[in-house]
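Undergrad: There's a structure below that I have some questions on.
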């Protein structure tokens, strides 16, 4: 599991990179959310729950397939994608479709 060292303009994420399919393909799963609108719960069985504390939280999901068109096929590239995307989300203050 990955998290940034600190939120960027109030935005943060929880992400996972690793083999997730029967083919053992690498897959990245990310939840971007406003840090002030959520509370991390205790980790249990490699699950890291988040409880939203706002009635209308701002969040977005993203996924990256290691064999996908973005060319993100290593953990290093995935971490770069996380940091770049976090900065884009924080800069725009809006959630939008990032990739096709």
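Computed from the coordinates by the stated procedures, all read-outs in this text should not be read as laboratory data. Source: prediction; values computed, not measured. No Cβ is skipped: glycine too gets one built from the backbone with ideal geometry, and neighbour counts run over all protein chains shown.
Undergrad: Springs between alpha-carbon pairs under 10 angstrom, Gaussian network model over the chain: which of 50, 30, 14 fluctuates most?
TA: Looking only at 50, 30, 14, the largest GNM fluctuation is found for 50.
Undergrad: I've got another one for you. What value, in deg cm²/dmol to 500, does the helix sum -39500 (n - 2.57) over DSSP H runs of n ≥ 4 give at 222 nm once divided by the residues of the chain?
TA: Only helices count here, giving -6000 deg cm²/dmol.
Undergrad: Additional query: Taking 4 °C and 1.567 mPa s as the conditions, I'd like the Stokes-Einstein D for the chain in µm²/s, using the Kirkwood hydrodynamic radius from alpha carbon pairs.
TA: Calculated translational D: 91 µm²/s.
Undergrad: A further question follows. Report the gain in length on full extension from residue 76 to residue 55: 0.36 nm times residue separation, minus Cα-Cα distance, nm rounded to one decimal.
TA: 4.0 nm
Undergrad: Please compute the modelled spin-label separation between residue 23 and residue 9, points set 7 Å along Cα→Cβ, answer in nm with one decimal.
TA: Reported label-point gap for residue 9 and residue 23 is 3.7 nm.
Undergrad: Return the FRET efficiency for the residue pair residue 37, residue 91: r is the Cβ-Cβ distance, R0 is 25 Å, and the value is rounded to the nearest 0.05.
TA: With R0 = 25 Å, the Cβ-Cβ based efficiency is 0.85.
Undergrad: Under the definition of Cα pairs under 8 Å and six or more residues apart, what whole-number percent is the relative contact order of the chain?
TA: About 25 percent, as a whole number.
Undergrad: I would also like to ask the following. Zone of residue 67 (label point 7 Å along Cα→Cβ, backbone N under 14 Å): which residues in region 26-52?
TA: Residues 26-27 fall inside that zone.
Undergrad: Between helix 75-92 and the chain, what is the angle of the helix's C-alpha long axis to the longest principal axis, kept within 0 to 90° and rounded to the nearest 10?
TA: 30 degrees
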